[in-house]
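Colleague: Please find one structure pasted underneath; my questions will follow.
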Amino acid sequence: MKHSSGFLALILPLFFAVQALSAEADGVKRGEYIFRATGGCTCHTEEEVGAFLSGGRAIQTPFGTFYGTNITPDEETGIGDWGEPDFVRAMREGVSPRGAHYFPVFPYTSFTRIRHQDLLDLRAYLLTVTPVRKENRAHDVQPRFKWRPLLWGWKLLFFTPGEFQEDSVRSAEWNRGAYLAQALGHCKECHTPRNLLGGPKENMAYAGTRQGPEGEAVPNITPDVGWPR
């Protein structure tokens, strides 16, 4: 019995360590899938010259030019020093680890619907990306839009935080598609026209706009027969 107990004392910690490593690897793999489903966060990589997810890409809007941030795991200029609560709060509430409101060019208004475990898996994947030391570039926006506390009021008007909730009367396929479109794919962010305050016109959801990101027209993706052939 003593030999048996000694063997178990040696093998059980190893077993649980292997299980933990396997679970971590699975989480990273799922996180990469979530990352791809969001569109690969292309706004965080400067076109042609930028290191992967190190920020710097210019995003033109009617309110000025915003620049994608560094979301590599660099601890000084990226998100390497963010804990799980910091990451979840940013994605769910649009608030930085220091308590500052993020501009809604960061589509937390859709990412808020991502399920909690999917957020943790996404973070796990991002922490495996090569860290890049690169300071974030200041946004070039109109002076009246630079005061971040005003975003508190904007959120009261246009932002409802919370995870995606399945519709019990709809099929599993429909709910899966809704989750992809409303949360991960954040399709509404680009395909919905906005009012003068930058809030989405919910009665025109997915109907397209001529003032999309980077000044490009965005098509109507509702079931209207006018879809371009």
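Colleague: Could you count how many residues in segment 151-195 are assigned to a loop (DSSP other than H, G, I, E, B) and either aromatic (F, W, Y) or in contact with a Lys or Arg (Cβ under 8 Å, 6 or more places away or on another chain) (or both)?
Modeller: Looking only at that region, the number is 8.
Colleague: Examine segment 153-168 for a residue that is modelled with pLDDT under 95, of a type in the set (D, E, K, R) and farther than 20 Å from G78 by Cα, and state whether such a residue exists.
Modeller: Within segment 153-168, none of the residues are modelled with pLDDT under 95, of a type in the set (D, E, K, R) and farther than 20 Å from G78 by Cα.
Colleague: If I go through segment 146-187 residue by residue, how many of them are of a type in the set (S, T, Y) and in contact (Cβ under 8 Å) with a residue 60 or more places away in the chain?
Modeller: 1
Colleague: Residue pairs, Cβ under 8 Å, 6 or more apart or interchain, first in segment 188-211 and within 15 Å of T109 (Cβ to Cβ) and in contact (Cβ under 8 Å) with a residue 60 or more places away in the chain, second surrounded by 16 or more Cβ atoms within 10 Å (Cβ to Cβ) and aliphatic (A, V, I, L, M). List them.
Modeller: K188/A181
Colleague: For segment 52-67, does any single residue satisfy the condition of being touching a helix residue (DSSP H, G or I) at 6+ places or on another chain (Cβ under 9 Å), over 30 Å from A178 (Cα atoms) and at pLDDT below 95?
Modeller: Yes: one or more hits.
Colleague: Out of everything in segment 76-116 that is within 12 Å of P161 (Cα to Cα) and without any contact (Cβ under 8 Å) to a residue 12 or more places away in the chain, what residue ends up being surrounded by the fewest Cβ atoms within 10 Å (Cβ to Cβ)?
Modeller: R89
Colleague: So, of the residues in segment 42-96 that are outside any loop (DSSP other than H, G, I, E, B) and aliphatic (A, V, I, L, M), which turns out to be nearest to H116 (Cα to Cα)?
Modeller: If we take residues in segment 42-96 being outside any loop (DSSP other than H, G, I, E, B) and aliphatic (A, V, I, L, M), then V88 is nearest to H116 (Cα to Cα).
Colleague: For V218, indicate whether it is at negative phi, crowded, with 16+ Cβ neighbours inside 10 Å, modelled with pLDDT under 95 and in contact with a Ser or Thr (Cβ under 6 Å, 6 or more places away or on another chain).
Modeller: yes
Colleague: Identify all residues within segment 117-145 that are in contact (Cβ under 8 Å) with a residue 12 or more places away in the chain and of a type in the set (K, R); write none if there are none.
Modeller: Within segment 117-145, R123, R133, K134, R137 qualify.
The values are calculated or read from the model by the stated rules, or taken from the named source; none is laboratory data. Treat the numbers as computed from the prediction; the structure is a model and nothing was measured. Note that we place each Cβ from the backbone using ideal geometry, even for glycine, and neighbour counts take in every protein chain shown.
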